[in-house]
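Here is the structure we will look at, set down as structure tokens.
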Amino acid sequence: MLRKSFKAASGWYYVSFPFDVTFGNIKVTSTQLTATTSSYKTATAPYKHFYVAEYNSARRDQTGNSISNDSQNWDAVIAGTLSAKKGYAIRVMADIEIDFVGTANADMFDTASKNTTLEINATNSSATHHNWNLVGLPYTSAFNLDNLSQGTFYYVYNHTTQTFDVIQNGNAYKLNSFGAFFVQASDPALTFNTAGRVLKAPSSSKSSYDEIQLSLSNAGFSDITSIRLSDDGNLDYELDKDAAKILSLNDSTPQIWTNGQNCDLAINSLPTTIHEVALNTKTIKGTYSIALNRPENITNTGKIILVDNCTGVQTDLLTESSYTFDCSTGVTSNRFKIIFQNDLSTKIPAIVNGISVIVSGENLIVNGLSESANIKLIDLTGRIVQTFEKVENNENLKMNPKQGIYLLHIQTATQESKLKILCK
């Protein structure tokens with residue numbers, strides 16, 4: 001049996017059971033009264049004792065909608081059985097203590113590794129919508145998520161901020177007993193290795209990438225986002241490298257994230273040819289700071305410059321502890337950006353008329369565009385050797401010219417820049 005206290009102000013609880021629980025065996029604590037429920041989608045006063053939702057992985061893949069911002073990917077559960085090892089979301093409208101009574105079995109208490117079957121739904125054109133599962137623990141004990149057989153990132157609900165924390169496999173994180181978490185599956189078979197029943201120390205191995213982890217904080221709460229730069233980074237969403245951003249439902253919690261290809265990202269893995277990334281923030285009116293966390297994870301990037309487009313202030317977060325600013329309520333996508341500079345002079349951006357250009361080998365990156373641009377690569381005879389149309393900021397363009405000096409002509413409806421580049 002699980003006896004659990006629920007607080008109405010805490011919103012949804014993400015829970016699981018290592019045994020099956022029928023709705024008839026869900027009781028109001030210290031009574032023989034069966035707890036009442038109905039569909040949370042149509043709930044009105046007087047409210048039932050509790051409400052249950054389960055996540056529909058197949059519908060997420062079909063609709064292409066995110067985890068928390070659209071209820072159509074959640075189904076109300078009002079009868080039948082809450083299945084063992086499956087995650088559910090439960091909430092109440094008044095504080096209450098509830099008993100979930102199941103039938104004990106020997107498998108609950110042994111120390112063997114345990115297997116769970118996950119759903120695989122991967123027909124959507126965007127990988128960010130593939131194979132989402134809300135997974136429950138198979139043990140009565142807590143479990144260290146570092147001991148799962150698959151998954152690069154796990155998403156665990158944080159009741160304080162009312163958002164999901166992104167936990168990377170390799171970082172020891174103890175999920176409390178009867179907890180649940182989201183994972184994007186790479187395989188239908190998920191194994192909970194028995195060693196996970198004991199908390200392990202975090203891995204001390206050095207990452208093969210520079211990780212720029214940024215925090216956005218106010219007086220009460222903070223949020224983080226990470227940008228990872230590596231030679232094998234990709235602009236496309238990759239299940240084992242990128243982590244989706246799930247926005248908090250609590251307006252008091254500041255939020256910071258970056259954009260991927262048609263998705264919001266908490267962890268964004270990019271190629272080292274990228275030297276500028278826009279930051280998105282969600283705030284209420286007040287004073288905030290942006291800081292660089294864990295600078296020891298940065299070895300190849302010489303400068304990390306935070307640019308405030310509203311004030312014009314530029315802050316090197318490797319030398320300054322943080323940048324403090326005032327802001328209003330709402331979501332911003334154009335106030336802040338991060339510029340990376342490393343020790344390779346061929347990758348330091350050239351800037352003309354507010355447009356920056358980076359050339360690294362056959363890669364061409366353009367930033368500072370006010371809108372989509374048309375770009376022409378022109379040789380010294382005046383011949384156009386390559387044309388790029390409808391180019392966006394941070395788009396990685398592949399050039400195929402011979403060695404030599406070329407003129408780059410960049411034009412939008414309101415901007416125009418011409419500069420020489422060297423192709424090696």
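The values are calculated or read from the model by the stated rules, or taken from the named source; none is laboratory data. The model shown is predicted, which means the values in this text are computed figures rather than measured ones. Cβ: placed from backbone, ideal geometry, glycine included. Neighbour counts: every protein chain shown. Only protein heavy atoms, including side chains, enter the accessible area calculation; ligands, DNA and RNA are left aside. Shrake-Rupley method; radii C 1.70, N 1.55, O 1.52, S 1.80 Å.
Residues in segment 57-85 that are over 24 Å from Asn250 (Cβ atoms) and in a loop (DSSP other than H, G, I, E, B): Gly64, Ile78, Ala79, Gly80, Ser83, Ala84, Lys85. Please indicate, with yes or no, whether at least one residue in segment 287-298 is buried (at least 22 other Cβ atoms within 10 Å of the Cβ), over 21 Å from Val166 (Cβ atoms) and touching a Phe, Trp or Tyr at 6+ places or on another chain (Cβ under 6 Å). Checked against the condition, which is being buried (at least 22 other Cβ atoms within 10 Å of the Cβ), over 21 Å from Val166 (Cβ atoms) and touching a Phe, Trp or Tyr at 6+ places or on another chain (Cβ under 6 Å), segment 287-298 yields no hits at all. Listed by first and then second residue, the pairs linking a residue in segment 213-226 that is part of a loop (DSSP other than H, G, I, E, B) to a residue that is polar (S, T, N, Q) and open to solvent by 10 Å² or more (accessible area, probe 1.4 Å), with Cβ atoms under 6 Å apart and 6 or more places separating them unless they lie on different chains, are Phe221/Thr161.
The set of residues in segment 399-414 that are in a loop (DSSP other than H, G, I, E, B), at pLDDT 75 or above, open to solvent by 40 Å² or more (accessible area, probe 1.4 Å) and among the polar types (S, T, N, Q) comprises Asn400, Thr414.
The set of residues in segment 40-87 that are among the charged types (D, E, K, R) and surrounded by 15 or more Cβ atoms within 10 Å (Cβ to Cβ) comprises Lys48, Glu54, Arg59, Arg60, Asp61, Asp75, Lys85, Lys86.
Open to solvent by less than 20 Å² (accessible area, probe 1.4 Å), over 21 Å from Thr332 (Cβ atoms) and either assigned to a loop (DSSP other than H, G, I, E, B) or without any contact (Cβ under 8 Å) to a residue 40 or more places away in the chain (or both), is that true of Thr258?
Answer is no for this residue.
Scanning segment 189-199 for residues that are of a type in the set (A, V, I, L, M, F, W, C) and either surrounded by 20 or more Cβ atoms within 10 Å (Cβ to Cβ) or within 22 Å of the chain's Cα centre (by Cα) (or both) yields Leu190, Phe192. Of the residues making up segment 42-56, those that are assigned to a loop (DSSP other than H, G, I, E, B) and either among the charged types (D, E, K, R) or over 20 Å from the mean Cα position of the chain (by Cα) (or both) are Ala43, Thr44, Ala45, Pro46, Tyr47, Lys48, His49.
Any idea how many residues of segment 227-242 are at pLDDT below 85 and not in a loop (DSSP other than H, G, I, E, B)? Counting residues in segment 227-242 that are at pLDDT below 85 and not in a loop (DSSP other than H, G, I, E, B) gives 1.
Residues that are among the hydrophobic types (A, V, I, L, M, F, W, C) and modelled with pLDDT of 90 or more were ranked within segment 67-89; the one that is nearest to Ser177 (Cα to Cα) is Ala84.
A single entry from Leu279, Leu265, Leu249, Leu270 fulfils the requirement of being closer than 20 Å to Asn218 by Cβ, touching a residue at least 12 places away in the same chain (Cβ under 8 Å) and crowded, with 22+ Cβ neighbours inside 10 Å: Leu279. Against the conditions (1) modelled with pLDDT of 85 or more; (2) surrounded by fewer than 17 Cβ atoms within 10 Å (Cβ to Cβ); (3) under 21 Å from Asn309 (Cβ atoms), where does Ile351 fall short? Just the number, please. The one condition Ile351 does not meet is (1). Taking each residue of segment 150-166 that is within 15 Å of Ser10 (Cβ to Cβ) and looking for partners that are of a type outside the set (A, V, I, L, M, F, W, C) and modelled with pLDDT of 90 or more with beta-carbon atoms closer than 6 Å, six or more apart or interchain, yields Val156/Asp165; Tyr157/Tyr14; Asn158/Asp165; Phe164/Tyr155; Phe164/Tyr157.
If you go through segment 4-37 and keep only what is surrounded by fewer than 17 Cβ atoms within 10 Å (Cβ to Cβ), part of a loop (DSSP other than H, G, I, E, B) and within 34 Å of the chain's Cα centre (by Cα), you end up with Lys7, Gly11, Asp20.
Please work out if Phe181 is over 25 Å from Ile298 (Cα atoms) and in contact with a Gly (Cβ under 9 Å, 6 or more places away or on another chain). Judged against the criteria, Phe181 is a match. The residues in segment 373-394 that are at pLDDT 85 or above, under 32 Å from the mean Cα position of the chain (by Cα) and not in a strand (DSSP E or B) can be counted, and the count is 2.
Restricting attention to segment 300-309, the residues that are in a loop (DSSP other than H, G, I, E, B) and surrounded by 13 or more Cβ atoms within 10 Å (Cβ to Cβ) total 1. If the condition is being touching a strand residue (DSSP E or B) at 6+ places or on another chain (Cβ under 7 Å), more than 20 Å from Asp95 (Cβ to Cβ) and either of a type in the set (A, V, I, L, M) or in contact (Cβ under 8 Å) with a residue 24 or more places away in the chain (or both), then segment 28-62 contributes Ser39, Lys41, Glu54, Tyr55, Ser57, Arg60. Any residue that is of a type in the set (Ser, Thr, Tyr), touching a Lys or Arg at 6+ places or on another chain (Cβ under 9 Å) and modelled with pLDDT of 90 or more - is there at least one of those in segment 320-328? Scanning segment 320-328, I find at least one residue that is of a type in the set (Ser, Thr, Tyr), touching a Lys or Arg at 6+ places or on another chain (Cβ under 9 Å) and modelled with pLDDT of 90 or more, so the answer is yes.
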